[in-house]
Amino acid sequence: MRLEPEMTQTLTLRQPDDWHLHLRDGAALASLVPATAAQMGRAIVMPNLKPPVTTTEMALAYRARILAHRPADSTFEPLMTLYLTDSTPPEEVAVARNSGCVHAFKLYPAGATTNSDSGVTDLRKVRHVLEAMEREDMVLCIHGEVTDADVDVFDRERVFVDRTLAPLVAEHPGLRIVVEHITTKEAAQFVTDARDGVGATVTPQHLLVNRNAMLVGGIRPHYYCLPILKREEDRCALVTAATSGSTKFFLGTDSAPHALHTKEAECGCAGCFTAVSALELYAEAFEAAGALQRLEGFASLHGPAFYRLPVNEARVTLVRRPFEIPSEWALADTVVRPWRGGTHTAWSFLRSEAAQ
Ligand code: DOR
Ligand code: ZN
């Protein structure tokens, strides 16, 4: 990574990847694929479509629909995932692995978030699938929240870590697990202390703000995502983990667009759309922590190492120049509001350069 000395003006790093992304489907792909392809070399694409992507065959068809919207000059590579259900056959793991295009299975506890109704109701029901994943060295991505009605929404990740994640990690010692979009000091600590093969992604919004930004002085629906924003002490722990240099932590935006009217509603959808300014937002968070020199590891090196993929050869450059995040972005026949739309970031994405 190249950081110009003194008052750093430009920042050049290996092209990053997004290890947790929602690209949706249909007409929405036309604006969402170019948005991510502009910055990222690859992305782990979430399978929570309607209906969910539960088979390798469905994933390959979805991949083709994504690639149909890849800009002509882009080499963006969608890395596909399968949605784990109570009835996923263990044999599907080898099929997925042999496809060369499926890189992980996604565990949504049933009812935890958007389109998670078909998620896993009891981990015992997928034990044989998890064993097959261990054998095939297939990554398990986890939405780490319990869904019990009696657990407060702000405690759902913390309780999941104790009740579900810790036993799962111990029972499957060879299983590679990504705890997605961590939001609490407990999750950051758990992953820090965990055995090899346990990593975590962190979103830009969870590094930059706490729940006050969503709830003080008015309710801001565009700040609502799941797992929900937590306390300042949690945000600080996430910043410490992400900027520590530990290879366990890597970039995953969880960019999750919803049409404006479905967020600004009586019962608004969960999800922050950050794809259009992802790297600028991460740069802001790392700079605030005095850790810009660690951005490349988090954004471009740790993820490929975890997924056992080569790092990208292309480079991207950010320049210290205010960038106004657009306040609207096309989404099929409607619009989505990017997270923090209308505000500025200190860094602008300047260009992406192919390998020389
Ligand atoms: O806020 C969220 N939105 N969290 C998730 O886990 C799912 C996502 C979505 O698909 O909208
Ligand atoms: Zn997500």
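A few points about this structure:
- Full extension of the segment from Arg320 to Arg220, taken as 0.36 nm per residue of separation minus the current Cα-Cα distance, would add 33.2 nm.
- Lysine pairs meeting the criterion (Cα under 29 Å, 8 or more apart or interchain), as found in the range 17-310: 15
- In order along the range 101-108, the Karplus-derived 3J(HN,Hα) couplings, from 6.51 cos²θ - 1.76 cosθ + 1.60 at θ = phi - 60°, round to 10, 9, 10, 6, 10, 10, 9, 10 Hz, and Gly and Pro are given as x.
- DSSP bridge analysis restricted to the chain gives an antiparallel fraction near 40%, rounded to the nearest 5.
- Surrounding net charge for Leu49, when Lys and Arg each add one and Asp and Glu each subtract one, Cβ distance under 11 Å: +2
- Within a Gaussian network of the chain (alpha carbon springs, distance under 10 Å), most fluctuating of Thr201, Thr343, Thr12: Thr343
- Of interest is the spacing of the C-alpha centroids, which for the range 63-117 and the range 129-193 amounts to 19 Å.
- Computed lengthening from His261 to Gln189, 0.36 nm per intervening residue step minus Cα-Cα distance: 22.2 nm
- The label point for Ala30 and the one for Thr75, both projected 7 Å from the Cα toward the Cβ, are 2.9 nm apart.
- Taken as entire DSSP H runs, the helices of the chain never both span 20 Å or more between Cα atoms along their own long axis and average -1.0 or more on the Kyte-Doolittle scale.
- Between Val151 and Ala354, the contour length at 0.36 nm per residue exceeds the Cα-Cα span by 68.2 nm.
- For the range 197-214, backbone nitrogen atoms closer than 15 Å to the point 7 Å from Glu287 Cα along Cα-to-C-beta are found at 208.
Values in this text are rule-based calculations from the coordinates and carry no lab data. Because the structure is a prediction, the values reported are computed rather than measured. Neighbour counts run over all protein chains shown; Cβ positions are idealised from the backbone, glycine included.
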